[in-house]
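Data block below; observations after.
Read-outs: derived from the displayed coordinates by stated rules, not from any lab. What you see is a predicted model; the values in this text were computed from it and never measured. Cβ coordinates were reconstructed from backbone atoms using ideal geometry, including for glycine residues, and neighbour counts include every protein chain displayed.
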């Protein structure tokens, strides 16, 4: 059986289409350099492991597993990040339909959710992410911090939305001002697509 390797997901917009919130240069470098490096690293590991199995040789399984987790986590989270954004003229100002109702139920108001999410994203220590998640057991939305790409991810909590707060996500546009990048992010969230994803996870329809 022929097995596939990982590859970059196609963007649904052009490099300049998220301006002025994310510049063409920032998006291009983030996507083509940073995300591509995670994909390349994962694929190299897979090929190394496959060769070792074929040749009957050993490799450092502990180091390989840790490196795989880091790079594959980076690939998955970045894939969410690209997909959940859209040009500002196509973005709605707030969530829609079922996701809007769920946010209102679990956070009181969208403004409170937005404030909580922004605070959690801005206080990630070092490099990492903030993510809106959904607990499939309690049917509640929650916000988690993810250190690097793979630490503090809670099992059985599908990700609805994530924001990359590594400096490589914003340093060309916002220098070290993470808060300004987070504020800008809200202008390009594709709430229509996020609601479709939420409905699929929640099995609402």
Cβ-derived FRET efficiency at R0 35 Å, residue 116 paired with residue 3, nearest 0.05 | 0.25
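Rounded to two decimals, what ratio of Rg to Rh does the chain give with C-alpha atoms and a Kirkwood Rh? List each step's numbers first, then the result.
Values: Rg = 18.1 Å, Rh = 18.2 Å.
Value, to two decimals: 0.99.
Under the 0.36 nm per residue contour assumption, what length would be gained going from the current alpha-carbon distance of residue 140 and residue 32 to full extension? Could you put the intermediate results ahead of the total?
Working: separation 108, 0.36 × 108 = 38.88 nm, distance 3.52 nm.
Extra length from residue 140 to residue 32 when fully extended: 35.4 nm.
Could you list 154, 159 so that the one with the fewest beta carbons within 10 Å of its beta carbon is first and the one with the most is last? All intermediate terms of the calculation are to be shown ahead of the outcome.
Details: 154 11, 159 19.
Fewest-to-most ranking of 154, 159: 154, 159.
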So the FRET efficiency between residue 62 and residue 151, C-beta based with R0 = 25 Å and rounded to 0.05, is 0.95
Shape call for the range 27-77, from the Cα gyration tensor axes a ≥ b ≥ c (a/c under 1.5 means rounded, otherwise prolate when a/b beats b/c, else oblate), comes out prolate
How big is the Kirkwood radius of the range 95-181, worked out from every pair of different alpha carbons and given in Å to one decimal?
-> 13.6
